[in-house]
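Each remark here refers to the structure printed beneath this line.
No value in this document is a laboratory result; all are computed from the given coordinates. Nothing here was measured: the structure is a model prediction, and the numbers come from that model. All Cβ positions, glycine included, derive from the backbone under ideal geometry; neighbour counts span all protein chains shown.
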Amino acid sequence: MNVNYKLDEIQKVAKKVTQEIDSNIILLSGEVGAGKTTLIKEILKILKVNDNVNSPTFSIINEYLSEDKKTIYHIDLYRIKNIDELHSIGLFEYLESNNLCFIEWGNMIENKIKASYNKFLIEKGDNIRSIKMVK
């Protein structure tokens, strides 16, 4: 999957990404302002999360419950400085929970994940974004 889009097309892109997900761990990478959180918000709408979805930049992990009572984690690793911090917040227990885990800045832990995962890279241009699934 490789899609170019404008921000007003984010719902369409979220549907495509959702269709590609085949793991409970989803890594999203891209520069600051690329649209990682915006995409996750749209995906969570598709997954029937009715809560107000916010960036977990400061809380690091936000937990949501879908209409069908499934727990979904939204994790932002931007502020994490070293691997020890990941252990202290219990990140790997979240990943092993079999609940959906959307992880912004997921490239930071890619080599530490033993389970299968999906990885998406978002690149930002002037008026366009590009998202591709990385195998």
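Side notes on the structure shown:
- Cα long-axis angle, helix 36-46 against the chain (0 to 90 degrees, to the nearest 10): 90
- Per-pair calculated FRET efficiency, R0 = 25 Å: ASP22 and PHE92 via Cβ, rounded to 0.05: 0.75
- Size descriptor for the chain, Kirkwood hydrodynamic radius: 15.0 Å (Cα pairs only, one decimal).
- Cut-off 13 Å (backbone N to label point 7 Å along Cα→Cβ of VAL134), residues of segment 67-111: 104-111
- Residue (of ILE61, TYR73, TYR5) at the positive-pole extreme of the chain, dipole from beta-carbon charges: TYR5
- Here segment 2-134 is assigned +1 on the Cβ of each Lys and Arg and -1 on the Cβ of each Asp and Glu. Its dipole about the Cα centre then comes out at about 300 debye.
- Acute angle (nearest 10 degrees) that the helix 10-20 long axis makes with the longest principal axis of the chain, alpha-carbon atoms: 60
- Cross-link reach list, aspartates and glutamates versus LYS132, counting only Cα pairs under 16 Å and skipping chain neighbours closer than eight places: GLU9, GLU20, ASP22, GLU31, GLU104, GLU123
- Charged-residue dipole, Cβ positions (Lys, Arg, Asp, Glu), segment 71-130 about Cα centre, Debye nearest 20: 120
- Charge tally in the Cβ shell below 14 Å around LYS15, where Lys, Arg are +1 and Asp, Glu are -1, LYS15 excluded: +2
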